[in-house]
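Shown next, in structure tokens, is the structure this report addresses.
The values are calculated or read from the model by the stated rules, or taken from the named source; none is laboratory data. Values in this document were obtained by computation on a predicted structure and should not be read as measured data. As a convention, Cβ positions derive from the backbone with ideal geometry for all residues, glycine included, and neighbour counts pool all protein chains shown.
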């Protein structure tokens, strides 16, 4: 099982909205993520910097790219583009984080 971590950036003033949208994450989106093998997915917010820290586990990290072929993923990204940094295609700007310590 691979552990993946990355960071994203929220726009100022959208902390509550980000929480609200994720509290009501679309069942179709959750099903898509599970279908490619995503497990134990968490997102944390640093309220001082507005950095979002995401962590997930997946057997085959290459499977994450399969989500881009599904309309529901693009609809979610379009839904989130007004509250966080995104690329011109509305996919979120993500910066991979390197693991430096792990204690099982």
Index of the failed condition, residue 93 passing every other in (1) surrounded by fewer than 16 Cβ atoms within 10 Å (Cβ to Cβ); (2) more than 11 Å from the chain's Cα centre (by Cα): (2)
Leading residue by the ranking (surrounded by the fewest Cβ atoms within 10 Å (Cβ to Cβ)) among those in region 11-48 that are touching a strand residue (DSSP E or B) at 6+ places or on another chain (Cβ under 6 Å), without any contact (Cβ under 8 Å) to a residue 40 or more places away in the chain and more than 22 Å from residue 63 (Cβ to Cβ): 44
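Quick one: count up the residues across region 79-90 that are surrounded by 14 or more Cβ atoms within 10 Å (Cβ to Cβ) and either over 14 Å from the mean Cα position of the chain (by Cα) or touching a residue at least 24 places away in the same chain (Cβ under 8 Å) (or both).
4
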Which listed residue, of 26, 76, is modelled with pLDDT of 95 or more, over 30 Å from residue 104 (Cβ atoms) and within 12 Å of the chain's Cα centre (by Cα): 76
